[in-house]
Amino acid sequence: MKAIISGFPLREMLMGCLCCILICGIFSSVYAQEMPADSLKLIHLNEVVVISAGKQLDHQKQHKPLSSLDEFLESSRSINMVKRGAYAWEPTMNDMASERLAITIDGMQIFGACTDKMDPITSYVDVSNLSEAQIGSGQQGAAFGNAIGGGINLKLDKSSFKKTGWNGSLESSFETNNAMRVFGGELNYSDEKFYLNTDVIYHKAENYKAGGDREVLYSQFEKYNFSINSGYKLAEDKSISATLIYDEANDVGYPALTMDVSLARAVIGSVSFNQDTLLGNFTNWESKLYYNNIKHVMDDTKRPDVPIHMDMPGWSETAGFYTQANFNKERNHFFFKLDGFYNKSYAEMTMYPANSNEPLMFMLTWPDVRTRNVGIYAEDHIDFEKSSVKLSTRLAYHSNTVADDFGLNSLKIFYPEMDRTNTRFLKSFSAQYHKMVNDFHFNGGISYGERAPSVSEGYGFYLFNSFDNHDYIGDPDLQTESAADANVSVTYKKPTFEITAAANYFHVYNYIIGVVDNSLSSMTIGAEGVKIYTNLEYAQLFNATLSGRYNISNAFKLTGNISYHRGIDNEGENLPLISPISYRSALDFYKNQYSASLSVNGAGEQTNYNPAYGELKTAAYATLSASFGKRFFIRENSLFIKAGIENVLDTYYSSYTDWNNIPRMGRNFYLTISYSIN
């Protein structure tokens, strides 16, 4: 343990943790957030964010119905979102970005097609498609794939052979700040042998205004989403199902970047076979084949004074499978999963000089990288009297191949001896312990995980990063990044009161980050230099939170949390995008089909930032939001209306996750209307 903590400012870590605990202890009744019941069972994930209930959005319990999936995820106590505009925010967990996470849609591996991370996987689905977001911190998310920071699985909403017949809903909402219009609907049928679910939703928004009525240019977007899934029972314990999702966004502005997006399109499909029992004690056997195709086109034609016009399209295709089952025997509850995928990532850039007589400039920014991955995951949840242990492991074969000769030769300018194919074997192990003593629940664990470099980190060719104003070049010979982590939490739980203190620590070996290479010249006009993705010896991250719930009465509930974060590299320098102290609290009311909420969200001043990575200090802020809703019954149908106001005081602010410190939305009124037909 001494070796792991070596180099970390221990006094600062302990003082930060102590301050967090003292502040939370004083204000625990104010800053407390409800913890899902499943979070105390080690066989389940750390957190589940419920999005819909039974094929209909759970409007009654959502502060803002028909909000984007990004906003739903940001309500989680585990996830923060990096914002480059009003659309397609990038999830982070434990202060680690998406390349260090395993993000799947219903267990399917999907990879974005944008070299600038303008299309995270979460941007290709909608709340209308989903039932919940399953979140596992660290190696608790390894069931979804190789990761270090954790895993997020966006679970699709399905009827599952319930005898409900036909039902549907129509939904609409409007927001004043950016004139956001949302229209959606769903039509579903289900009986004991067959179900069919369809839904469609449309979003369109203009530029939003920050606090003080200051317009944020290039923040508009338009999005369509359509999904259909169906299932058929072959026998009492056997069924097949299929899913198709089509998602398309157009005219998406990114005010924090130098380019926008004219098209972001995904087609996602799968077929599954399910069997309740298999070979005696094996249960819940599920096998799935899937395919997805993504096209992403960056666009600068709507920007004034562009030095040189560029076309930057990207493509990503993934085909994969998984098969999984449970096995129960006395105190042991096993889960086994075999999965694999094949991905093709290709991106190019063409520059058009102002002088048409000059030749075009062309390069492959992703040189048709083919990624193969096959993995085995297994876990054993062992029950004892008032305690349990969960042991898990993942072993995977991972390879990258540069298929395009032009792209390979371009990279060989910097790496003459590089191989066309790079193969790795990735490992992860985890041990978690849970003990219940009266009303206290104690959880603790240690784990180790590895992940391969992303396509950009390994094979990116002059990728411009507007955050630090540098071009980036990948390194195909990067070492495998790995992390040892430890976590601990204590929960005191009563019927009307619950409070949890939790902390985790990550020691990341061979930490991958861009480092300036002064011997190289930049390609992008105005860029300050070139960075090469490099392995640092190590980096360290520490997170501490205090969260809880207090049921004031049957109708009123107080929830919230407060968190402290710290991250440094092997030389004691601050890592980028590390959260300052942040907090969230809400007072909710539910009674007789009425609902109301009052919430506060804020953060302290960002003091531990690093200008070398393009960071600027962000000031402390706090915002206030409120909502009120009512459900009406019309015969067997229901009409739900909810109105609310965000950023009541019209605060002008930005947070550490706002790319280039773009300001967030100012005061915003919204109205949602939903009519459900049963």
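Values quoted throughout were computed directly from the atomic coordinates according to the rules given, and no laboratory measurement underlies them. Computed from a predicted structure; not experimentally measured. Counting neighbours? That spans all protein chains shown, and the Cβs are built from the backbone with ideal geometry, glycine included.
Across all C-alpha atoms in the chain, the radius of gyration and Dmax reach 24.6, 80 Å. Remark: region 157-237 projects, on average over all directions, an area of 6.8 nm² (convex hull of Cα atoms).
Would you calculate the separation in nanometres between label points at residue 649 and residue 160, each defined as 7 Å from the Cα along the Cα-to-beta-carbon direction? Going by the 7 Å Cα→Cβ label model, 4.4 nm.
Extents of region 245-288, largest first, come to 59, 19, 9 Å (Cα atoms, principal axes, whole angstrom).
Relative to the current alpha-carbon distance between residue 305 and residue 358, full extension at 0.36 nm per residue lengthens the span by 17.2 nm. Over region 317-392, the alpha carbon radius of gyration divided by the compact-protein estimate 2.2 N^0.38 Å works out to 2.14. Cross-link partners of residue 163 among lysines, defined as those whose alpha carbon lies under 21 angstrom from its own and excluding same-chain residues fewer than eight positions apart: 55, 193, 233, 238. Rg of the Cα atoms in region 51-169, relative to 2.2 N^0.38 Å, amounts to 1.09. Between residue 279 and residue 378, the simple spin-label model (points 7 angstrom out along Cα→Cβ) gives 1.2 nm.
Per the Debye formula on identical point scatterers at the alpha carbon atoms of region 163-308, with no solvent, log10 I(q)/I(0) at q = 0.10, 0.18, 0.19 Å⁻¹ is -0.55, -1.08, -1.14.
How big, in percent, is the set of alpha carbon pairs in region 564-678 lying more than 24 Å apart?
On the way: 3017 of 6555 pairs.
Summing the P(r) of region 564-678 above 24 Å gives 46 percent of all pairs.
Restricting the calculation to Cα atoms, region 371-499 yields a radius of gyration followed by a Dmax of 21.9, 66 Å. Footprinting exposure proxy ranking of 641, 152, 308, 413, fewest other C-beta atoms within 10 angstrom first, gives 413, 308, 641, 152. Which value in Å is the Kirkwood Rh of region 447-531 over different Cα pairs? It is 15.9 Å. Placing a label point 7 Å from the Cα of residue 516 along the Cα-to-Cβ direction, the residues of region 473-490 whose backbone N falls under 20 Å from that point are 473-475. The modelled label-to-label distance for the pair residue 437/residue 552, using points 7 Å beyond Cα in the direction of Cβ, is 3.4 nm. Computed over region 412-465, the quotient of the alpha carbon radius of gyration and 2.2 N^0.38 Å is 2.08.
Report, as a whole number in µm² per second, the diffusion coefficient that Stokes-Einstein gives for region 108-244 at 25 °C and 0.890 mPa s using the Kirkwood radius over alpha carbon pairs.
138
Diffusion of region 253-320 by Stokes-Einstein, at 25 °C in a medium of 0.890 mPa s and with Rh set to the Kirkwood radius over alpha-carbon pairs, works out to 158 µm²/s.
Each part gets one Cα centre, and for region 293-354 versus region 405-445 those centres are 18 Å apart. Taking every C-alpha pair closer than 8 Å and separated by at least 6 residues, the mean separation divided by the residue count of the chain gives a relative contact order of 13 percent.
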